[in-house]
1. Would you check which residues across region 113-141 are open to solvent by less than 60 Å² (accessible area, probe 1.4 Å) and of a type in the set (D, E, K, R) and list them?
2. Residues that are among the charged types (D, E, K, R), assigned to a loop (DSSP other than H, G, I, E, B), modelled with pLDDT under 90 and open to solvent by 70 Å² or more (accessible area, probe 1.4 Å): does region 20-43 have at least one?
3. So which of LEU146, LEU126, LEU153 ends up being assigned to a helix (DSSP H, G or I), within 16 Å of SER71 (Cα to Cα) and not polar (S, T, N, Q)?
4. What are the pairs, 6+ residues apart or on separate chains, where a residue within region 106-123 that is touching a residue at least 12 places away in the same chain (Cβ under 8 Å) has its Cβ under 9 Å from a residue that is surrounded by 13 or more Cβ atoms within 10 Å (Cβ to Cβ) and β-branched (Val, Ile, Thr)?
5. Quick one: SER71 ticks every box in (1) modelled with pLDDT of 90 or more; (2) open to solvent by 80 Å² or more (accessible area, probe 1.4 Å) except a single one, so which number is it?
6. Somewhere in region 102-112, is a residue part of a helix (DSSP H, G or I) and open to solvent by 60 Å² or more (accessible area, probe 1.4 Å)?
Amino acid sequence: MEKHDGRDTGKVRFDDPWYDALASGWGELDGTGAPTPAVPPAHPEQERRTGGAADVYLEVQRSAAFQEVRSRYRRFVVPGFAVFFTWYVGYVVTATTAPGFMARPVAGAVNVAMVAGLGQFVTTFLFTWAYARHARLRRDRPALDLRWDTQELTRSVRGGER
């Protein structure tokens, strides 16, 4: 098999064993004998208009409601990630640098490493539960309202079409 670096990088090679023209949609011809575009535009007349749906999404992204939803998300996820990642790395570092401590028995055949390892699973489930609860109580309703407003705005930009 030949290498894929050098001047041919980026070109699709038909002798490549990973290439499947029919599955990828490449190499198919339209009625004129030219290759079909990878993704045909859904509404060509929509692309010619100014002030389309993209402007609506940018307007929503700049809105105070969207910024509030994003800040609520960040206020939960950033500290949660920091705590969880520190706990995970702390477990791995302790297991590799202090094997004597990790081998210390807690109860019978159960040692510190087993308790900490099971603690990893418990904290994963607790963090998942806390994230879902936070999303349900603090973000889902405002995000759903934003989604509804965005759909209404894009529908009005498109002239009422669905």
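The values are calculated or read from the model by the stated rules, or taken from the named source; none is laboratory data. Note that this is a predicted model, so its numbers are computed, not measured. Every residue, glycine among them, receives a Cβ derived from its backbone with ideal geometry; neighbour counts consider all protein chains shown. Just so you know, the surface numbers come from the protein's heavy atoms only, side chains and all, with ligands and any DNA or RNA stripped out. Shrake-Rupley method; radii C 1.70, N 1.55, O 1.52, S 1.80 Å.
1. Within region 113-141, just ARG139 meets the criteria.
2. So in region 20-43, the residues among the charged types (D, E, K, R) come out as 20, 28, 30.
Remaining after also requiring assigned to a loop (DSSP other than H, G, I, E, B): 20, 28, 30.
Among the residues that remain, those that are also modelled with pLDDT under 90 are: 20, 28, 30.
Checking the rest, the ones that are also open to solvent by 70 Å² or more (accessible area, probe 1.4 Å) come to 20, 28.
Yes - at least one qualifying residue is present in region 20-43.
3. Details: LEU126 fails: within 16 Å of SER71 (Cα to Cα); LEU153 fails: within 16 Å of SER71 (Cα to Cα).
After ruling out the rest, the residue left standing is LEU146.
4. ALA113/THR94; ALA116/THR94
5. SER71 satisfies every listed condition except (2).
6. To start, the set of residues in region 102-112 that are part of a helix (DSSP H, G or I) comprises 102, 112.
Adding the requirement that they be open to solvent by 60 Å² or more (accessible area, probe 1.4 Å) leaves none.
The answer is no; no qualifying residue exists.
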